[in-house]
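S.K.: Before anything else, here's the structure in question.
The values are calculated or read from the model by the stated rules, or taken from the named source; none is laboratory data. Predicted, not measured: the structure shown is a model, and the values here were computed from it. Reconstructed Cβ throughout: ideal geometry from the backbone, glycine too, with neighbour counts over all protein chains shown. Surface areas here come from the heavy atoms of the whole protein model, side chains and all, with no ligands, DNA or RNA. Shrake-Rupley method; radii C 1.70, N 1.55, O 1.52, S 1.80 Å.
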Amino acid sequence: MQKSFKLAVQYATDSTELPARSQFRRWVKAALMQDAEIVLRLVDEAEGRELNRQFRNKDYATNVLTFVYDDTQPLTGDIVLCAAIVKKEAGQQHKNLLAHYAHLTVHGVLHLQGYDHIEDTEAAAMEQMETQILARLGYDDPYQEHGDAISPQ
């Protein structure tokens, strides 16, 4: 059954190497297993750091933050991607920038739906789901060769 979803993409960064709304929509749709209303916001490093400090008490910008507002139907929440960190990681890990954005978007959508990677068994299950979703989208395994692409949460 096709899930319905609303997606708003906010570009709040000066970064020029960003995926198009249609790409984000495709990635969100591939990872979504329930009806949802999602705001996906691309931010600069200063906003990413402030959000991480305010909501996670961590004084640095991270690649992806997920905020769930209502986990009933439809699921509502925000996914925040820090463009500078995503680009930096892609370079450090020798990954295609678009593929890294796809991975982190899928990762954030899974978090919205209650998946986590705190425990090893949860992490393994989440990584397997991400890998399968990304393969269906035509991307390589994000965990192969270059290690874990997700910053510690």
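S.K.: Would you mind working out the magnitude of the charge dipole of the chain relative to its Cα centre, with +1 at each Lys and Arg C-beta and -1 at each Asp and Glu C-beta, to the nearest 20 Debye? Walk me through the numbers before you get to the answer.
M.R.: On the way: 15 positive and 23 negative charges, 121 e Å.
It comes to approximately 580 debye.
S.K.: Which whole-number percent gives the relative contact order of the chain, counting Cα pairs below 8 Å spaced six or more residues apart? Kindly include the intermediate steps, with their values, before the conclusion.
M.R.: Values: 243 pairs, mean separation 32.5, N = 153.
Relative contact order here is 21 percent.
S.K.: Cross-link list Lys58/Lys95; Lys29/Lys88; Lys3/Lys95; Lys6/Lys87: which exceed 28 angstrom alpha carbon to alpha carbon?
M.R.: On the way: Lys58/Lys95 26 Å; Lys29/Lys88 26 Å; Lys3/Lys95 30 Å; Lys6/Lys87 26 Å.
In this structure, Lys3/Lys95 lie more than 28 Å apart at Cα.
S.K.: Using 0.36 nm per residue, how much length does the chain from Ala135 to Lys29 gain when fully extended, once their Cα-Cα distance is taken away?
M.R.: Working: separation 106, 0.36 × 106 = 38.16 nm, distance 1.41 nm.
Contour length minus Cα-Cα distance gives 36.7 nm.
S.K.: Also: Given the options Val9, Ser22, Gly48, identify the residue whose Cα lies farthest towards the positive end of the charge dipole of the stretch 1-141 (+1 on Cβ of Lys, Arg; -1 on Cβ of Asp, Glu).
M.R.: Ser22
S.K.: What full-extension length gain, to one decimal in nm, is calculated for Ala46 and Phe67 as 0.36 nm per residue of separation minus the Cα-Cα distance? Show your work: numbers first, answer last.
M.R.: On the way: separation 21, 0.36 × 21 = 7.56 nm, distance 1.82 nm.
Stretched fully, the Ala46-Phe67 segment lengthens by 5.7 nm.
S.K.: May I ask you to give the solvent-accessible area per residue for the chain, in square angstrom, as obtained with a 1.4 angstrom probe?
M.R.: Working: 8110 Å² over 153 residues.
The answer is 53 Å² per residue.
S.K.: How many percent of the accessible area of the chain is carbon or sulfur, using a 1.4 Å probe?
M.R.: Details: 3830 of 8110 Å².
It is 47 percent, rounded to a whole number.
S.K.: If you don't mind, another one. Hey, what did the stretch 1-50 get for relative contact order, percent, Cα under 8 Å, at least 6 apart? Before the final figure, lay out the partial values.
M.R.: Working: 45 pairs, mean separation 29.6, N = 50.
Dividing the mean separation by the residue count of the stretch 1-50 yields 59 percent.
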